[in-house]
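Visitor: This is the structure, below, for whatever I ask next.
The values are calculated or read from the model by the stated rules, or taken from the named source; none is laboratory data. Please read these numbers as outputs of a predicted model, since none were measured by experiment. Methodologically, a virtual Cβ is constructed for each residue, glycine included, from the backbone with ideal geometry; neighbour enumeration extends over all protein chains shown. Areas reflect the complete protein model, heavy atoms only, side chains present, ligands, DNA and RNA absent. Shrake-Rupley method; radii C 1.70, N 1.55, O 1.52, S 1.80 Å.
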Amino acid sequence: MAGAAHCSLQAKRLLLDPKFEGYKLSLEPLACYQLGLDAAVAEVQLRDDQYTLDHMRAFGMYNYLHLDSWYQDNVYYVDQFGRVMNLSVTLDTALQKPREVFRLPTDLTACDNRLCASMHFPSSTWVTLSDGTGRLYLIKSGKRGSSASEKWEIVFNEELGSPFLVAHSVSFIKSDAHSLTVLLLRVEKDELDTKGSGFHVTLEWVTIAERKESGHRYEIIKRRVLQGKSVPHYAAIEPSGDGLMIVSHKPFTFMQSESDKLEENDDAKVSNEKKDPLYYWQQTEDDVTVTVHLPQDITKDDIKIRFSPDNLCVTLKDQTPLMEGNLYSSVDHESCTWIIKEDKRIVCFCYLEKEIYCPCFTGLCTFPQTEIDFIVPTTSAVLHSRNHSINFDVVHSFFQNPNPEKENPPCNAQELEECDAFLEDGASLCRFDGDTLKVTHIINLGSNQYLFSVVVNPKEMPCFCLRHDVDALLWQPHSDQPENMWEHIATFNALGYVQASKQDKKFMACAPDYSYAALCECLRRIFIYRQPTPLATVLYNRKEGRQVGQVAKQLVATLEANDPILGFQATSERLFVLTAKTLFLIKVNSGN
């Protein structure tokens, strides 16, 4: 990920409450309504060959209830007959039965390796839908949520290979033509992976555009594939279709076509030739070994090496020193020696005077820089242990940058701890460019655990919620604002700490207006955490002897059902909870 900008998430202090006292359990009743389903939800159980944690995360914990963020309190699910069912709520006391808006044309039961059907709403009039067998549908729906104007019409459907889930999609206009781009998620067998789980995860980024020359038909114009070793927590396409953001435990990379690979290999060879280190070093408690690469036409008689207690100099053919500089700590120069290897390398052995582990070699700082091709470093490149080996070109360019105002600010490698390094298999947030297919921005999330995502504004990318210390912070991506690409927009006090104690939690969500957050367990119980609100009566903190101005409430709802919870969605007023045979509505906030 060289060349990517390493960024950080900047929390707004005004949105943090260091004096938050916790949630008070409230016994106020919550209105709960339930609707029996005409047919059970089309739940797909994991097969025997879907046994990994990634299979469980992607398919076993799938949310079968789909919220249409373009319209208030509008949800969809697919039943066992392949019908897309909709419930649109305007008045809780006058609920209608879920109604059929579309029927999948294929027989779902005929496919042995099918996944659950999935859908997404890229705009107020378009739907992307997968039947779980590997076929993608683009549907023009009209204005949804109203039986009078909602009519789903297929404008594109095509078999795209093995079964997948629709992870995200956007609709946009580019070059005066309407386009939709869709992100498809698969967990596939990896024959080359003999030490891991034996599977890898792919995200296929498909762009479909309207072709005026083809009678306004929609056709695939681009297909790109990313591959990783873990199911992403979050994956979303930018509204313009120009980029992609992924939060994942392990990194994703684009898989190129054969022609692209050949071109990339040629570039890599040139790059590797250019970036071969001139010398490198390794150190133990007793000695330092320096290895220097020699040009092909150099013989032993051309080499002059001078050792002194605090200096090392290597010269070839009486030219300008190839390597010269002061050492960080003294060495026993009379015991120092060197040899020349058959593969045109000089190996110098320097012995420390004292039995003290110290960074004796990092003091070399005067070099003929025109003869050294520096390698742009990453933090992980300088992570080291007690007995370590470090590419010295990396060390020099990272720590002795002659112009720190420009690209690489100097720092002290010896003060780095393991937590300072970006671990390649650690949780990260990456932004990929759709044209170059490279990572442009990266954030090491470290201990900031991913919690859930929510659509606050359907015209923007989905927000994601991360744990920061004990709190849960909500972040809104802004792909069109490079200087403020991730904005802290809300805080759920102590939610990070609270959710960690819920061992049976299955789904988490929050209201688009941030008024509450909620989580559900696998069976029956729903926990709701309201934002602090002013008190109507006077309340004192007896321990501190002061008046309490506001209180945050926790509420608990228990469903009258024994079936596992399959879907969970939150709006500003209601919670929707789906089981195999029932759809529950919990009134959380009263409407304005």
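Visitor: Which numbered condition in (1) part of a strand (DSSP E or B); (2) closer than 22 Å to ASP17 by Cβ; (3) at pLDDT below 95 is the only one that HIS441 fails?
Guide: Condition (2) is where HIS441 drops out.
Visitor: I'd like to verify a number: residues in segment 77-103 that are open to solvent by 70 Å² or more (accessible area, probe 1.4 Å) and out of contact with any Ser or Thr (no Cβ under 9 Å at 6 or more places or on another chain), how many?
Guide: The total comes to 7.
Visitor: Let me ask something additional. Which one of these does THR194 not meet: (1) open to solvent by less than 70 Å² (accessible area, probe 1.4 Å); (2) not in a strand (DSSP E or B)?
Guide: Only one criterion in (1) open to solvent by less than 70 Å² (accessible area, probe 1.4 Å); (2) not in a strand (DSSP E or B) is unmet by THR194, namely (1).
Visitor: Okay, moving on. For segment 447-464, how many residues meet the condition of being more than 12 Å from the chain's Cα centre (by Cα), closer than 22 Å to PHE492 by Cα and in a loop (DSSP other than H, G, I, E, B)?
Guide: 8
Visitor: Could you check segment 35-76 and list, in sequence order, the residues that are more than 19 Å from SER88 (Cα to Cα), touching a residue at least 60 places away in the same chain (Cβ under 8 Å) and open to solvent by 40 Å² or more (accessible area, probe 1.4 Å)?
Guide: GLU43, ARG47, LEU53, ARG57, MET61
Visitor: Might you check whether a residue that is farther than 16 Å from PHE252 by Cβ, open to solvent by 20 Å² or more (accessible area, probe 1.4 Å) and not in a strand (DSSP E or B) occurs anywhere in segment 215-222?
Guide: yes
Visitor: Now for a separate question. Could you list, in sequence order, the residues of segment 292-309 that are at pLDDT below 85, open to solvent by 10 Å² or more (accessible area, probe 1.4 Å) and part of a strand (DSSP E or B)?
Guide: HIS293
Visitor: Being in a helix (DSSP H, G or I), open to solvent by 10 Å² or more (accessible area, probe 1.4 Å) and in contact with a strand residue (DSSP E or B) (Cβ under 9 Å, 6 or more places away or on another chain) is the filter here; which residues of segment 465-499 pass it?
Guide: Within segment 465-499, PRO482, TYR497, VAL498 qualify.
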